[in-house]
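The values are calculated or read from the model by the stated rules, or taken from the named source; none is laboratory data. Bear in mind the structure is a predicted one, so any value in this text is a computation, not a measurement. FYI the Cβ positions are ideal-geometry reconstructions off the backbone, even for glycines, and counts take in every protein chain you see. Remember, those area values only see protein heavy atoms, side chains included, never the ligands or the DNA or RNA. Shrake-Rupley method; radii C 1.70, N 1.55, O 1.52, S 1.80 Å.
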Amino acid sequence: QVQLVESGGGLVQPGGSLKLSCAASGSIFSFSGMGWYRQYPGNQRNFIASITSGGTTTYADSVKGRFTISRDNAKNTVYLQMNSLKPEDTAVYYCNYLDLRGHSWGQGTQVTVSS
């Protein structure tokens, strides 16, 4: 069992920045992936970014060049730096952990981009 706790969401104006954090605890494997998804009301969760334990990153086209994912393996924490935020980035953001046993999810944190 892996528990994930997200923080850092909130309200920001268009063009602004936010940094999300996700701390993992429990039975964490050395070789694992962590990432972020977001969900609009009434829709499925969509992939945003991921990072392996070795530091390899992948991004959705919609956030490339604006969002940066990073990971501190010593703290079992993954971050999502979000810059140049747009109103369409408004969503609930979920942290994800993946290893050979499957996925674990955080509770989600709301990000609202509005003037």
Of all residues in the stretch 1-28, how many are surrounded by 13 or more Cβ atoms within 10 Å (Cβ to Cβ), touching a Leu at 6+ places or on another chain (Cβ under 9 Å) and over 21 Å from Thr90 (Cα atoms)?
2
Just to check your reading of the model, which residue among Phe47, Phe31 is over 12 Å from the mean Cα position of the chain (by Cα) and of a type in the set (Phe, Trp, Tyr)?
Phe31
Looking at the structure I just gave you, is Asp99 out of contact with any helix residue (DSSP H, G or I) (no Cβ under 7 Å at 6 or more places or on another chain), open to solvent by less than 20 Å² (accessible area, probe 1.4 Å) and modelled with pLDDT under 95?
yes
For Tyr79, indicate whether it is within 15 Å of Lys19 (Cβ to Cβ) and touching a residue at least 40 places away in the same chain (Cβ under 8 Å).
yes
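So which strands (runs of 3 or more DSSP E) stay within the stretch 1-114 end to end and still have 1 or more residues that are touching a His at 6+ places or on another chain (Cβ under 8 Å)? First the steps, then the outcome.
Details: elements: 2-7, 10-12, 18-26, 33-39, 45-52, 57-59, 67-72, 77-82, 91-99, 102-105, 109-113.
Ranges flagged: 91-99.
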Report the residue count in the stretch 54-74 for those that are touching a Leu at 6+ places or on another chain (Cβ under 9 Å) and open to solvent by 70 Å² or more (accessible area, probe 1.4 Å).
1
For the stretch 35-50, state whether one or more residues are of a type in the set (Ser, Thr, Tyr), touching a residue at least 24 places away in the same chain (Cβ under 8 Å) and buried (at least 19 other Cβ atoms within 10 Å of the Cβ).
yes
